[in-house]
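This report concerns only the one structure given below.
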Amino acid sequence: MIRRAEELLKAPNATDEDRIKLHRGLGKHYERAHVYEEAFSHFQAAKAIFKHDRPAFDFDAVAKSLHRVRQVFGRDFFATSRSAAPNSQRPVFVVGLPRSGTTLTEQIIASHQQVFGAGELSDIPRLVKSLRPDYPECIASMDAHALGDLANVYLGTLAKLAGPDALRVTDKMPLNSLHLGLIATLLPGARVIYCRRDPLDIAISCFVEMFELEHDYTTSFEDFGRYFLEHERLMTHWRSVLPIEIHEVRYEALVADPESASRALIDYCGLEWDAACLDFQKTERTVQTPSRWQVRQPIYQTSIGRWRNYSAHMSSLSHLLDAGGYNYPSGTLAEIADEAPGGRGPAAEASASGLVPDRKSRSGHSLPMALEQPIFIVSAPAFGQHAAI
């Protein structure tokens, strides 16, 4: 099958879409086989084809847009209440960069009996688009009733999707993080959950995927790094000015101690704990979402430190993040487990044995890889252990 796929790549009648799918499939095959250089070459080829007929990433346009947002939505702006909409506590916005853990976070919350998972709703981005080019400055000049009307339209969408019974409704459109000023203005009773993850892991995961983004920063690690730093700058701004408390979820902490992280999530949502929020730990189960049936799977640790397999290609991103003064809070699963309630967990023990590499050495190229799937061969003495190996 691999030989056939490689032959199809050379076929003169293969479309760009065909080649993208073939390169991505081969890349994932070689990654599973731990042939990482071959895997990267296929991921890189798929990305090159994907971006060929798309506009180049315009960082200056993004930076100017986010500067305008920060200028409008400052402390003075939020000093007075503006919206006339009901102070509904139903909306829960799960935000963050793509591949930062927003889907997993929503699955945990939506497993609660009193929560409806609405998935990625386009309502907020569509509203912002309808207000351009005068957005965001136009928000400052709108009266409370006009803002209330906008808020009620959004709340009406939630009501249609979730019905009357759900106390909370999640909206996990990741880049609603860009619009938290508008969200806090229209829906001051909303909750905001910000998903964070090692940017190097986000970068490689985004590089492998194909996103139809308005500003596609995922086609090169340099573009990703510049966008990431600008996004972090915006999130720092939101933390300092928003009247809404932002709850942060670190993907690595969620993996290291799912129950503690999940309990904190549910508590932030103002709900009593529901053991169903950990069901995905025990078994795969299927739940209905507005657009499709989705399989929930257990949490795996293999996606943490994935970037290390491609570190030779990511030094420019590491240096860019370092030059920007960015330092992800913690490195190893052991350190994260130490910080989590309940003390040291299995991840800490793994690190103590040398199986989990130290995140603080991310710029190096000689780090040990994590032992993900050890095989133990056992038998009675002298019954051929060495021959089996």
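See the values below:
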read-out: Gain in span if fully extended, Asp165 to Ser130, counting 0.36 nm per residue against the direct Cα distance; value: 9.5 nm
read-out: Which of Trp273, Trp307 has the fewest Cβ neighbours within 10 Å, and the rest in rising order; value: Trp273, Trp307
read-out: Stretchable slack from Asp58 to Glu37, in nm (0.36 nm times residue separation minus alpha-carbon distance); value: 4.6 nm
read-out: Cα-based shape type of region 2-51, given that a ≥ b ≥ c are square roots of the gyration tensor eigenvalues and the cut on a/c is 1.5; value: oblate
read-out: Fewest-first sequence of Ser240, Ser111, Ser316 by Cβ atoms within 10 Å of each Cβ; value: Ser240, Ser316, Ser111
read-out: Rounded FRET efficiency, nearest 0.05, which uses the C-beta distance separating Ala84 from Ala312 and R0 of 56 Å; value: 0.50
read-out: Taking His319, His247, His52 and counting other C-beta atoms within 10 Å, the order from fewest to most; value: His52, His319, His247
read-out: Under-5 Å amide H pairs with Tyr135, H placed in peptide plane, nonlocal only; value: none
read-out: Considering only region 59-296, percent of DSSP beta bridges that pair antiparallel, nearest 5; value: 20 percent
read-out: Dipole magnitude of region 2-51, debye to nearest 20 (Cβ charges: Lys/Arg +1, Asp/Glu -1, about Cα centre); value: 100 debye
read-out: Under 15 Å from the Cα of Lys10 - aspartates and glutamates, other chains or at least 8 residues apart; value: Asp18
read-out: Long-range HN-HN contacts of Arg196 with modeled amide H, under 5 Å; value: Val249, Arg250, Tyr251
read-out: Residues whose placed amide H lies under 5 Å from that of Val94, excluding near-sequence neighbours; value: Asp171, Lys172, Met173, Ile193
read-out: FRET efficiency, Asp76 to His145 (Cβ-Cβ, R0 22 Å, nearest 0.05); value: 0.50
read-out: Length released on extending from Thr157 to Ser65, taking residue separation times 0.36 nm less the Cα-Cα span; value: 30.4 nm
read-out: Percent RCO, i.e. relative contact order, over region 1-147, from Cα pairs under 8 Å lying at least 6 residues apart; value: 19 percent
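Each reported figure results from applying straightforward, stated rules to the coordinates on display, with no laboratory input. No experiment lies behind these values; they were computed from the predicted model shown. For neighbour counting, all protein chains shown are included, and Cβ atoms are generated from backbone atoms with ideal geometry for every residue, glycine included.
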